[in-house]
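Asker: Sharing a structure here in structure tokens format.
The values are calculated or read from the model by the stated rules, or taken from the named source; none is laboratory data. Bear in mind the structure is a predicted one, so any value in this text is a computation, not a measurement. Note that we place each Cβ from the backbone using ideal geometry, even for glycine, and neighbour counts take in every protein chain shown. Areas reflect the complete protein model, heavy atoms only, side chains present, ligands, DNA and RNA absent. Shrake-Rupley method; radii C 1.70, N 1.55, O 1.52, S 1.80 Å.
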Amino acid sequence: RKTSAKLLGRAKFTPAISILSQILKSNDEQNRQYGVDWDAAHALAEMGDEGMWELIRALITNSTRVRTIAIESLGQIGKRAKPAIPYIVRAIKGQSENGEDVRERHALLQHARWALEKIDPHVPRQE
């Protein structure tokens, strides 16, 4: 699964966007354990605007993990992901799943800070 996600991203195989999005948002324990969800998000980041908008849609979820992964992948896109900035800010403030722990929240904030810096270094920092 991991290798497939990576190869789909490198090939920019856009017909796989919906499948990669499902992998990112799934609660499959094996996907989480082996980082397949991260690879799916990174593949989406390589798929141009369509992949970027799919990552933005993933920010709506209540899963802190999914939001963190999507934010990090948007940061990898860089300046081209400027349309994602307001969505990232909302995702930081958004509701989280029950049982979110402090480490997950901290990771979300750290990835968001990094991503916003990569996308637009002039975005005011939210402390």
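Asker: How many of the residues in region 60-91 are modelled with pLDDT under 85 and of a type in the set (A, V, I, L, M)?
Answerer: 0
Asker: Applying the selection to region 6-25, what residues are in contact with a helix residue (DSSP H, G or I) (Cβ under 7 Å, 6 or more places away or on another chain) and not charged (D, E, K, R)?
Answerer: L8, G9, T14, A16, I17, L20, S21, I23, L24 - these are the residues of region 6-25 that are in contact with a helix residue (DSSP H, G or I) (Cβ under 7 Å, 6 or more places away or on another chain) and not charged (D, E, K, R).
Asker: Given the condition of a type outside the set (K, R), farther than 23 Å from R90 by Cα and in contact with a helix residue (DSSP H, G or I) (Cβ under 6 Å, 6 or more places away or on another chain), answer yes or no: does some residue in region 49-60 qualify?
Answerer: No: region 49-60 contains no residue that is of a type outside the set (K, R), farther than 23 Å from R90 by Cα and in contact with a helix residue (DSSP H, G or I) (Cβ under 6 Å, 6 or more places away or on another chain).
Asker: Restricting attention to region 25-49, report how many residues are closer than 12 Å to G9 by Cβ and charged (D, E, K, R).
Answerer: Residues meeting the conditions: 2.
Asker: Find all pairs meeting these conditions: Cβ atoms under 8 angstrom apart; at least six residues apart or on different chains; first residue within region 65-93 and at positive phi and of a type outside the set (S, T, Y); second residue in a helix (DSSP H, G or I) and surrounded by fewer than 17 Cβ atoms within 10 Å (Cβ to Cβ).
Answerer: Listed by first residue and then by second, the contacts come to G78/K118.
Asker: List every residue pair whose Cβ atoms sit under 6 Å apart, with the two residues 6 or more apart in sequence or on different chains, where the first one lies in region 100-117 and is within 25 Å of K82 (Cβ to Cβ) and the second, anywhere, is surrounded by fewer than 17 Cβ atoms within 10 Å (Cβ to Cβ).
Answerer: Every condition considered, the pairs that remain are L116/V123.
Asker: Among helices (runs of 4 or more DSSP H) lying entirely in region 1-83, which contain 3 or more residues that are open to solvent by 60 Å² or more (accessible area, probe 1.4 Å)?
Answerer: Per the criteria, 2-10, 17-25, 29-33, 48-58.
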